Amino acid sequence: MWLGGLTNKEEIARESSPLTYVRKQNPPIITIHGDADEVVPYSHAVRLCEALDKAGVTNELYSIKGGATDNSKTRTIAGDMMPSGNFYES
């Protein structure tokens, strides 16, 4: 486990999770995530977007089919997927 032998693993995990900081006052959020990511599971992105929806935060999840952490496909597609300025004005 990436937290090793620390005794306060749960506290550190909670403090580093974006889910901890979801609030109605959050600005609009864009999540770009590959569905083949083995480092950060795709389900984490889905859970974040669900929490943002529940809190009433404008958000979009852009899924990259076959995308994974640190591959050129993910970087290229992510750059092409960026939304127009209208997203930020909501």
Mind counting the residues in segment 1-26 that are in a loop (DSSP other than H, G, I, E, B) and without any contact (Cβ under 8 Å) to a residue 12 or more places away in the chain?
10
So, in segment 10-32, of the ones that are touching a Phe, Trp or Tyr at 6+ places or on another chain (Cβ under 9 Å), surrounded by 12 or more Cβ atoms within 10 Å (Cβ to Cβ) and modelled with pLDDT of 90 or more, which residue ends up nearest to residue 69 (Cα to Cα)?
31
Which count do you get for residues in segment 34-53 that are under 12 Å from residue 18 (Cβ atoms) and modelled with pLDDT under 90?
1
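The values are calculated or read from the model by the stated rules, or taken from the named source; none is laboratory data. Quantities reported herein were computed from a predicted structural model and do not represent experimental measurements. FYI the Cβ positions are ideal-geometry reconstructions off the backbone, even for glycines, and counts take in every protein chain you see.
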